[in-house]
1. Any idea what angle helix 373-391 forms with the longest principal axis of the chain, computed on alpha-carbon atoms, 0 to 90 degrees, nearest 10?
2. To the nearest 10 degrees, how steep is helix 259-269 against the longest Cα principal axis of the chain, on a 0 to 90 scale?
3. Taking only the alpha-carbon positions of the range 255-392 and ignoring solvent, what does the Debye formula give for the base-10 log of I(q)/I(0) at q = 0.12, 0.16, 0.21 Å⁻¹?
4. With Cβ to Cβ distances under 12 Å as the rule, what net charge do the other residues near Ala235 carry (K, R +1; D, E -1)?
5. Listed highest first by mean packing, meaning other Cβ atoms within 10 Å per residue, what order do 152-163, 361-372, 176-187, 78-89 come in?
6. What are the lysines whose alpha-carbon lies under 16 Å from the alpha-carbon of Lys352, with same-chain residues fewer than 8 places away excluded?
7. The range 1-59: Rg/Rh from Cα coordinates, Kirkwood Rh?
8. Given Leu259, Leu336, Cys363, which one lies farthest toward the positive end of the charge dipole of the range 255-392, if we put +1 on the Cβ of every Lys and Arg and -1 on the Cβ of every Asp and Glu?
Amino acid sequence: MQIETLIIGAGAAGMMCAAHAGPGVLVVDHAKAAGEKIRISGGGRCNFTNLHSSPQNFISRNPHFCKSALKRYTQWDFIDLVGQYGIAWHEKTLGQLFCDSTAKDIIATLYAEMEKAGAQLWLQTSVAAISHDGAEFTATLTRDGRETHVKAKNLVVACGGKSIPKMGATGFGYQIAQQFGLPVITPRPGLVPLTFSDDRFKPLAGVAAPARVSAGDAQFDEAILFTHRGLSGPAILQASSYWQEGESIDVNLIPQAGLLAALQSARQSDGKKALTTVLGHALPARLVDYLQDELGLTGNIADQSDARLTTLCDALAHWQLTPAGSEGYRTAEVTLGGVDTDALSSKTMQSKDVPGLYFIGECVDVTGWLGGYNFQWAWSSGWAAGQAIRGT
Ligand SMILES: Cc1cc2nc3c(=O)[nH]c(=O)nc-3n(C[C@H](O)[C@H](O)[C@H](O)COP(=O)(O)OP(=O)(O)OC[C@H]3O[C@@H](n4cnc5c(N)ncnc54)[C@H](O)[C@@H]3O)c2cc1C
């Protein structure tokens, strides 16, 4: 079978690319359905982009790489697309846009766009081998137990990362990159809960609090959530993408200024109250109980000197924690690292050395923050490759 373009992976990036790559496109995926991660994303409502999307929200060894694609296919372009299909949406928080109804509306939109473009989709199809003779790619595909050889001028790798293997994530894109001599930045789980070795937070499981979490050079002001095995919540997930094994994170439990003044004022007005009771106005009571021994929270508020209160506020603002690890690919929302952007054109996503070979979406070393940024990268990079292919 002879086609123009073979796309491996019918996820967000692959479907977007198929809708724009011109005639003669075949998309293959080993899963039973296309866009499975879209379906489960955002609690079933898909956080499909972010109003504030800009290159600063992406992690990559080359922070400039994502700029071109993000600038040419923006969040406003995707918002316009969902508008054309009459999908109602709302902003939840921090510019994060969600479908009012269901993530399936986004999948239906991409299906419709692919259909309009005449792209074919083969599901439950596995790729046994790929070769390149200098002019064309040949892929050996297995579908319904039968082997098919497909020849294509262009090969687009849109296999995603390694996150959530249960959903069919394989890291196959990295293998293809290596087969064609493209370097791969070591993949690792991102947007992932952090774990601690000694079950230390088990008594706090379920407690949430606002915090400012710092890891590496980054800091995030959002909620943290204690779990049986460690820490989660948006601020921790965001920080996890900047955290390296062995390093500690800094958790500011009093991100709003003013606790010292509030404690000093309580010393005047409520001197007989226990320090823990007064702290319970600023922090969840279970967290205060938990910190009682660690921070020596004894006595009444009247017994606390200014120096003591200052030390206490400092300790709450700089809780240094060293995670043992993370929950790994089992629950990670994304995979950091991937195909080295040095080997790709930032305008087209095409390999600099192998003409006709493209990498898009999560398998590239561009990873977004939590909040719709990863889908925006999938749309922008898929669109950029599609445009380039259509123009060739
Ligand atoms: C639980 C969860 C929730 C998320 N929520 C959000 C959110 O709300 N907003 C956001 O921006 N991001 C979210 N993400 C991240 C987002 O889903 C991904 O970044 C995005 O789907 C990446 O798109 P992609 O097309 O590159 O890869 P994917 O969507 O992962 O698609 C890759 C496709 O390739 C197929 N494939 C893999 N290996 C092979 C193979 N060997 N042969 C054939 N096919 C193969 C897979 O079956 C899959 O269909 C979430 C992720 C998870 C896990």
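The values are calculated or read from the model by the stated rules, or taken from the named source; none is laboratory data. For clarity, every value in this text was computed on a predicted model and none was experimentally measured. So basically every Cβ, Gly included, is an ideal-geometry build from the backbone, and we count neighbours across all protein chains shown. Each accessible area value is taken on the protein alone, full model and side chains, heavy atoms only, with ligands, DNA and RNA left out. Shrake-Rupley method; radii C 1.70, N 1.55, O 1.52, S 1.80 Å.
1. Helix 373-391 and the main axis of the chain meet at about 20 degrees.
2. Result, in degrees: 30.
3. Listed by q, the Debye log ratios stand at -0.66, -0.83, -1.16.
4. On the way: positive: Arg212; negative: Asp221, Glu222, Asp250.
Summing Lys and Arg as +1 and Asp and Glu as -1 gives -2.
5. On the way: 152-163: 26.3, 361-372: 28.3, 176-187: 16.4, 78-89: 14.8.
Per-residue mean Cβ counts within 10 Å order the peptides as 361-372, 152-163, 176-187, 78-89.
6. Lys153
7. Checking Rg against Rh, the ratio lands at 1.07.
8. So the residue furthest toward the plus end is Leu259.
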